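K.L.:
If you scroll down you'll find the structure; I have some questions about it.
The values are calculated or read from the model by the stated rules, or taken from the named source; none is laboratory data. Values in this document were obtained by computation on a predicted structure and should not be read as measured data. Ligands, DNA and RNA are excluded from the accessible area calculation, which covers all protein heavy atoms including side chains. Shrake-Rupley method; radii C 1.70, N 1.55, O 1.52, S 1.80 Å.
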Amino acid sequence: MAGLLDEIADACAASRPTADNPAKTLAAELAGSLPMVWGSSDLAGIAAYRLLCQLAENAKYPSVNGVLPEALHNQVVTFTAPTASGLPIRLVLLRDTVEHPRVAAAREEVERLAQESGVAVSRI
């Protein structure tokens, strides 16, 4: 785990150019949007909530979080609705290496619905 975290820290270092830096790439993708951050498992849902908190606390930036499959029932309807902020929605899918097959199917459906609705998707 320590080795993996070191690799991620190196890949996301401030000195890395944006094209080679997944953290800077995600930040650029989120700029000017209303992020909807959804996890594909209970653990990824916790990470989605943590990202929401970090965006609010450190960037003073609004976002929405959810967990699949429940977000597919409740929040997906906003894909075609204008946001109160006027910002376009950007879906951020936090995937877990342990996805239930039904959740994986729901995630695929969500990505299809997002594409049909013109909602951009970032996958982590």
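K.L.:
With θ set to phi - 60° and the Karplus curve 6.51 cos²θ - 1.76 cosθ + 1.60, what are the ³J(HN,Hα) couplings of the range 18-34 in order, to the nearest whole Hz, using x for Gly and Pro?
P.N.:
Taking θ as phi minus 60°, the curve returns 3, 4, 10, 10, x, 5, 5, 4, 4, 4, 5, 5, 7, 4, x, 10, 9 Hz for the range 18-34.
K.L.:
If you average the sequence gap of Cα pairs under 8 Å that are 6 or more apart and divide by the length of the range 19-121, what percent do you get for the contact order?
P.N.:
On the way: 145 pairs, mean separation 34.4, N = 103.
Once normalised by length, the contact order is 33 percent.
K.L.:
State whether the range 1-58 is rounded, prolate or oblate according to the following rule on the C-alpha gyration tensor (a ≥ b ≥ c being the square roots of its eigenvalues): a/c under 1.5 gives rounded; otherwise a/b larger than b/c gives prolate, and the remaining case gives oblate. Please list the in-between numbers first.
P.N.:
Numbers: a/c = 2.13, a/b = 1.18, b/c = 1.80.
Since a/c reaches 1.5 but b/c is at least a/b, the shape of the range 1-58 is classed as oblate.
K.L.:
Amide H to amide H, which residues 5 or more places from Y61 or on other chains are under 5 Å from it, using H placed in the peptide plane?
P.N.:
Long-range HN contacts for Y61: A56.
K.L.:
In the Gaussian network model of the chain, springs joining C-alpha atoms below 10 Å, which of R50, R107, R90 carries the largest mean-square fluctuation?
P.N.:
R50
K.L.:
Expressed as cubic angstrom per residue, what is the convex hull volume of the alpha carbon set of the chain?
P.N.:
Details: hull volume 14.2 nm³, N = 124.
Considering the Cα atoms of the chain, their hull volume per residue is 114 Å³.
K.L.:
Using amide H atoms built 1.01 Å from N in the peptide plane, name the residues 5+ places from A120, or on other chains, whose amide H lies under 5 Å from its own.
P.N.:
The list, which skips near neighbours in sequence, is L91.
K.L.:
While we're here: So, for the range 1-63, what is the accessible surface per residue at a probe of 1.4 Å, expressed in square angstrom?
P.N.:
Details: 3820 Å² over 63 residues.
Heavy-atom accessible area per residue stands at 61 Å².
K.L.:
Now a separate question. Taking all protein chains in place and a 1.4 Å probe, what share, in percent, of the accessible surface of the range 6-124 do carbon and sulfur account for? Could the numbers behind the result be given before it?
P.N.:
Working: 4070 of 6920 Å².
Percent of accessible area from carbon and sulfur atoms in the range 6-124: 59.
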